[in-house]
Structures are given as C-alpha cells and as structure tokens.
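Asks: Attaching a single structure in structure tokens format; questions to follow.
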Ligand code: AHR
C-alpha cells in the first residue's frame with residue numbers, strides 16, 4: 001500500500017517562538033505583506049511538510065478560537081495557562097489557513113476539548129467550512145474569506161489522557177465528549193476526518209486501557225486515533241538513546257493490536273501527530289532530574305509535579321507571562337539526526353496503519369527549522385526528514401538486518417527502489433551489498449555525534465552524494481557509523 005504523504009507532517013503550536021518570531025513576524029524585512037516570514041516558508045516547502053497540525057498541543061486545551069479572528073486591534077491579549085505566556089492573538093485561524101495556502105501544506109486543526117465542548121468545536125468547523133450564509137460562515141466572509149476553507153483533518157482535543165492537560169479527563173468522560181463533539185462537528189460538515197486523542201507516551205500507565213475505553217464510546221464516529229512520543233538521552237546512555245526507535249516500534253505495534261481488537265470492525269488509522277527528540281533544553285534546566293524521572297515514569301504525574309513545581313518556577317521566573325519567550329529551543333546534533341532518521345524508518349515501516357505523522361514541532365520549538373530576526377536555518381534533523389519526504393514515494397517494505405545497529409526501510413515506486421538506512425552504531429562502520437541491481441545514487445549524512453548546524457555555521461552537517469559506488473553485478477554502499485543514508489537503485493531488468 002502506498003505511503004500516505006501525510007506521514008511527512010509537522011506541528012505548529014502557540015508555544016514559545018514557534019508562531020511569533022517563527023513563521024509570523026510582521027516587523028521583519030523578511031516577511032511578506034501578511035507578516036509571514038518568507039525565508040521560513042521557503043524552508044518549510046523544501047522540508048517537504050505535507051500537513052501541519054495547529055494550534056496545539058497543550059495550548060489548545062485553554063484556547064478560545066474566537067479570540068484569534070476579526071480585526072487585529074480588537075483581539076484580546078490573554079494569559080495562556082498551558083505555557084504561562086501572554087498570547088496576543090495576532091495570529092489565529094485565518095492567518096494559519098492563509099499561511100498553509102501560501103506554503104502548500106494541508107491544515108489539521110485541533111479543537112479544545114479541555115475547557116470547551118462540542119458546540120464550540122462545531123462552531124469552529126462552521127467558521128472554516130460552512131457556507132457564507134451560515135452564521136459562522138457569514139462571520140468568516142465578513143472577515144474577508146467568503147469561500148469555505150474546507151479543512152478536512154480535525155483532532156478531538158490534545159493529550160486528554162495526561163494529568164498535565166488543562167481539562168484532563170478520565171477515559172470514559174473523554175470518550176463520551178469525543179463522541180458528542182464528533183457528532184456535532186460532522187453535523188456541520190460530513191466530509192471531515194476526525195482523530196481521537198490516544199496515549200501521550202508509551203510509558204503512560206493508562207496506555208491500552210485508555211484506548212479501549214475511548215474506542216468503546218466513540219469508535220463509530222472517529223476515523224483515527226493519535227499517539228505521541230518524544231525521546232531523549234536523559235541517562236547519558238548514547239547507545240540506549242540510539243535505540244529509541246525500538247520503543248516507537250513497540251508502541252505502534254501495540255496500538256495496531258488494540259485497534260484490531262477494539263475498533264469494532266472499523267479500520268481506524270494511527271495519527272502519530274507529535275514525535276521527535278526532545279531533551280537538550282530540559283537537561284540543561286534546573287528541573288533536569290525531574291524531567292529524567294518523568295521520561296521514565298510519566299504516569300506518576302503528581303509525584304513529578306511535586307518535585308517539579310519549585311524548579312519550574314525557578315527556571316521559568318524570567319519567562320513567566322512574557323509574549324513568545326524562547327521555550328525548548330533544542331539545538332540538535334548529528335546523533336539526534338540519526339535517531340530521527342530511525343524513527344522515520346519506523347513510521348514508514350508501519351505505513352499500513354500510520355497515515356499521519358507530525359514531527360514536533362516545525363519552527364524554533366524542538367524543531368527542524370530555527371530563526372533569529374535576521375536568519376532562518378536548518379537543524380541537523382531537517383535533512384533525514386526532507387530526504388525521506390523527497391524520496392519516500394511508493395510502497396514501504398519493512399526490513400530487518402542481522403546487524404542490530406542497522407535500521408532501514410525500502411520504498412518501491414515503479415522500477416525505482418529507495419533504501420533509507422541508518423547506522424546507529426557509535427563506532428562500527430559497515431557496508432551494504434545489493435545484488436542484481438543498478439545503483440542510482442547514495443546520499444550520506446554523517447559526522448561527529450555532537451556536531452550541530454547553527455546560525456553561525458548553518459551548513460556544518462549536511463548530506464552529500466557519494467559517487468564511488470562500485471557497480472558490477474550489483475553494488476556496495478558504505479554505511480559509516482552514526483550515519484543517515486538514502487540509497488537509490490533500479491532492478492537490472494528495468495533499464
Ligand atoms: O510539543 C510540546 C508539547 O508536548 C505539546 O504541547 C504537548 O501536546 C506535548 O506534551
């Protein structure tokens with residue numbers, strides 16, 4: 001089955017400098033007349049992002065979407081409870097949808113099921129998709145958009161299983177709420193695709209039971225279920241960190257079983273709509289120990305919060321209540337790019353069930369793209385993503401290797417075969433022999449584990465094309481330690 005292009009999605013939250021100073025900066029000379037950073041749009045296009053989830057994340061669970069529409073001068077400034085920041089609402093639904101159209105990405109909107117409910121969600125669907133003579137469609141038309149946006153993808157809340165979530169609910173309460181919201185939203189537009197909130201991490205003690213209960217209440221009105229996962233080297237154990245993909249693989253495999261057993265005969269898809277490496281800033285903060293514990297036992301949230309509260313107030317005192325402060329702006333390394341590459345291979349090898357996946361986030365906040373007022377640049381993990389998106393067409397085939405350090409997946413599109421291969425070993429180089437095939441090219445990214453791309457040295461780590469593939473009856477590809485590789489070939493008979 002061909003890989004769904006939505007597997008190359010991303011995520012943009014009203015958090016830190018993702019929206020403001022990330023994609024939207026009206027006073028920048030780099031911005032267009034809508035205030036959108038054109039350099040960032042160019043990088044997002046090159047990244048090959050297909051779908052972008054918005055506006056959160058934890059932010060959405062306290063968000064009033066009506067604050068972000070209409071004349072900018074009359075939009076209220078609010079305190080965002082999720083990130084303890086000031087929200088100016090200068091960027092909202094219309095701006096996001098205009099940005100998506102300019103960038104050529106599909107929007108995926110999340111509705112607030114934390115502090116709000118089915119009626120507000122249905123009104124937002126009507127604002128986006130209703131005819132111009134419907135009450136909220138009329139409001140949209142008055143705001144300058146007579147044509148419906150036809151937003152197809154909708155998330156029913158965010159991480160509703162997490163005790164940290166504003167308006168966190170029990171599985172039963174959420175299942176009923178998701179069901180009612182889905183019905184109300186579908187009554188406005190029957191074409192929308194709805195994704196219920198699944199488990200926030202693999203380590204949630206409720207993983208499995210949450211899904212069973214939620215699906216019992218709402219499987220007939222939803223199309224997919226979400227999963228989230230962030231990985232990091234919290235223990236200073238590089239070898240274990242480099243094997244993070246195995247946990248993602250187990251997480252998805254278990255979710256596939258749950259969907260098979262609990263989907264009531266309906267084929268539901270997985271939307272892995274937040275995934276990435278996320279730990280550098282956390283490990284540098286005063287709350288590093290708490291984050292480490294959280295990473296391993298995210299189910300003990302109360303305990304985590306008890307320990308974390310004094311640290312967070314310490315760490316965030318400077319930033320509390322500020323507008324778009326810098327939050328979790330991880331600077332990524334070559335090692336992180338290797339982990340991201342192997343997570344991408346894992347997602348692709350589950351393409352039969354994973355139809356949407358969003359690297360989280362897109363700009364500045366744990367992101368492949370970073371900005372300053374003067375520049376935008378690609379981080380190391382930008383490249384595995386952009387190459388997977390560029391060359392990841394066709395059918396995906398799961399591969400397994402006798403060498404446990406190698407992770408990979410094969411894409412077949414007509415006569416073109418593309419291997420995405422990651423050597424996760426810290427020291428051992430190896431090679432791949434492909435028989436009875438004609439090599440097209442080998443693109444390789446490798447460097448020291450801690451090498452980074454920064455504003456000062458934006459092209460320090462980039463992929464390069466390797467030209468010396470031996471080409472006889474087949475070919476041999478070097479797979480250096482800590483490397484991301486794209487190997488393309490055709491079968492000998494197809495030329
Ligand atoms: O991406 C940052 C946060 O991580 C999101 O707001 C939340 O959904 C997740 O816990």
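Asks: Looking only at residues that are touching a helix residue (DSSP H, G or I) at 6+ places or on another chain (Cβ under 8 Å) and part of a loop (DSSP other than H, G, I, E, B) in region 268-281, which one is nearest to the ligand (Cβ to nearest atom)?
Replies: Residue satisfying both the conditions and the ranking: 279.
Asks: Among the residues of region 1-27, count how many are assigned to a loop (DSSP other than H, G, I, E, B) and at pLDDT below 95.
Replies: 1
Asks: Looking at region 220-244 only, could you name the residues that are within 16 Å of the ligand (Cβ to nearest atom) and more than 24 Å from residue 7 (Cβ to Cβ)?
Replies: Hit for region 220-244 is 234, nothing else.
Asks: Identify the single condition in (1) buried (at least 20 other Cβ atoms within 10 Å of the Cβ); (2) in a helix (DSSP H, G or I); (3) more than 16 Å from the ligand (Cβ to nearest atom) that residue 174 does not satisfy, given that it satisfies every other one.
Replies: Every condition holds for residue 174 apart from (3).
Asks: Inspect region 194-203 for any residue being away from the ligand (no atom under 16 Å from the Cβ) and assigned to a strand (DSSP E or B) and give the result as yes or no.
Replies: Yes, that holds for at least one residue.
Asks: If you take the residues in region 57-76 that are in contact (Cβ under 8 Å) with a residue 60 or more places away in the chain and away from the ligand (no atom under 12 Å from the Cβ), which one is surrounded by the fewest Cβ atoms within 10 Å (Cβ to Cβ)?
Replies: 70
Asks: Taking the condition more than 16 Å from the ligand (Cβ to nearest atom) and touching a strand residue (DSSP E or B) at 6+ places or on another chain (Cβ under 8 Å), does residue 33 pass?
Replies: no
Asks: Test residue 217 against the criterion of being out of contact with any helix residue (DSSP H, G or I) (no Cβ under 8 Å at 6 or more places or on another chain), at pLDDT 95 or above, away from the ligand (no atom under 16 Å from the Cβ) and assigned to a helix (DSSP H, G or I), and give yes or no.
Replies: No, not satisfied.
Asks: Using the structure shown, decide if residue 107 is surrounded by 21 or more Cβ atoms within 10 Å (Cβ to Cβ), closer than 20 Å to residue 35 by Cα and within 16 Å of the ligand (Cβ to nearest atom).
Replies: No: the conditions fail for residue 107.
Asks: For residue 211, which of the numbered conditions (1) more than 16 Å from the ligand (Cβ to nearest atom); (2) under 30 Å from residue 279 (Cβ atoms); (3) in a loop (DSSP other than H, G, I, E, B); (4) in contact with a helix residue (DSSP H, G or I) (Cβ under 7 Å, 6 or more places away or on another chain) fails to hold?
Replies: (3)
Asks: Residues in region 353-380 that are out of contact with any strand residue (DSSP E or B) (no Cβ under 7 Å at 6 or more places or on another chain) and within 16 Å of the ligand (Cβ to nearest atom): how many?
Replies: 2
Asks: For region 234-256, give me the residue count where each residue is outside any helix (DSSP H, G or I) and free of Cβ contacts under 8 Å to residues at least 60 places away in the same chain.
Replies: 3
Asks: Can you tell me which of 401, 385 is farther than 23 Å from residue 467 by Cα, in contact with a strand residue (DSSP E or B) (Cβ under 9 Å, 6 or more places away or on another chain) and not in a strand (DSSP E or B)?
Replies: 401
Asks: Please find, within region 146-171, the residue that is farthest from the ligand (Cβ to nearest atom) out of those that are in contact with a strand residue (DSSP E or B) (Cβ under 8 Å, 6 or more places away or on another chain) and either more than 18 Å from residue 269 (Cβ to Cβ) or assigned to a loop (DSSP other than H, G, I, E, B) (or both).
Replies: 149
Asks: Looking at 103, 115, can you tell me which residue is out of contact with any strand residue (DSSP E or B) (no Cβ under 7 Å at 6 or more places or on another chain), within 30 Å of residue 47 (Cα to Cα) and in contact (Cβ under 8 Å) with a residue 24 or more places away in the chain?
Replies: The unique qualifying residue is 103.
Asks: Hey, any hits in region 37-50 for a residue that's assigned to a loop (DSSP other than H, G, I, E, B), within 16 Å of the ligand (Cβ to nearest atom) and in contact with a strand residue (DSSP E or B) (Cβ under 6 Å, 6 or more places away or on another chain)?
Replies: Looking for residues that are assigned to a loop (DSSP other than H, G, I, E, B), within 16 Å of the ligand (Cβ to nearest atom) and in contact with a strand residue (DSSP E or B) (Cβ under 6 Å, 6 or more places away or on another chain), one finds at least one in region 37-50, hence yes.
The values are calculated or read from the model by the stated rules, or taken from the named source; none is laboratory data. None of these values were measured; they are calculated from a predicted model. No Cβ is skipped: glycine too gets one built from the backbone with ideal geometry, and neighbour counts run over all protein chains shown.
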